[in-house]
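Bear in mind these aren't lab numbers, they're just calculated from the coordinates by the rules spelled out. Since this is a predicted model, take the numbers as computed values, not measurements. Heads up, the Cβs are rebuilt from the backbone with ideal geometry, glycines too, and the neighbour counts pull from every protein chain shown.
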Amino acid sequence: MGDEPLVLERTVRVLAQLTQQVAVVQYPSISQTTVRHVELVPLAPHRVVLVLITDTGRVEQRVLELPATLSEEEVATLRHAFGSRLHGARLVDAPAALADLPDAAPSAIRPVLTSVMTVVLETLVDQPEERIALGGTAHLTRHVLDFPQTLRPVLEALEEQVVLLKLIGEVNDPSTVHVKIGEENNVEGLRSTSVVTMGYGPDGSAYGGLGVVGPTRMDYAGNMGSVRAVARYVGDLLAGA
């Protein structure tokens, strides 16, 4: 695993602490994530280290046992073959980008290339399409009087990954903070709450969204300011990843 999960787990904790509300952060969607760098480093004649870095700061590292011995020149050929196809490509486009690579490669390294390609695709694509980090759920209990019936629908809604993805995905614009109050929320279990959300990403790109969920009597100005500040902070981190 790379740095991306650590950054987002830390982000959700900070946002929950700043606002004293439930914080929700969406992991960058692979539909937006691109490959920044591919590296193959020889360890031994039959072994290399594969390093993949994305523009979200995700770093994946794998040690590969090869089916044949490779010279340093052949490793360099492999490195160039993968780098030229994948650099700047979206993760979802990786299979298509590599589809004809074995046929285009020199026959001497074709078996090794196919072996490496399998691991590359598993590493880049075999990930959950969407993930959510959640923090600060206990803050809801401080506002129990704001939920005159019961907190149960709210807690049940927050436990559902699909619900949270819908909640964040509807308004992940990185230029504007969005607020939905009470019945304005499309998620039934959250109609007794208010939701403040914003998209995040470098240079105005929307990699994902983040926000807070709390009672309708929340401090809107303060929470909007915190959501905006954290979204920009994460965007700046990713820009420098």
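Here are the numbers:
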quantity	calculated
Compactness of the range 33-84 as Cα Rg over 2.2 N^0.38 Å, two decimals	1.16
Cα pair count fraction exceeding 21 Å, expressed as % - the range 119-241	43 percent
In nm, spacing of pseudo-spin labels at Thr118 and Gln161 (7 Å Cα→C-beta vector)	2.6 nm
Semi-axis lengths (Å, descending) of the ellipsoid that matches the C-alpha gyration tensor of the range 1-145	40, 14, 11
Point-charge dipole on Cβ atoms (K/R +1, D/E -1) for the chain, about Cα centre, debye to 20	540 debye
Total charge dipole magnitude, the range 35-125, about the Cα centre, Cβ charges on Lys, Arg, Asp, Glu only, Debye to nearest 20	160 debye
Cα extents of the range 141-197 along the three principal axes, largest first (Å)	35, 20, 19
Spin-label model distance (nm) - Leu6 vs Ala96, 7 Å beyond Cα toward Cβ	3.5 nm
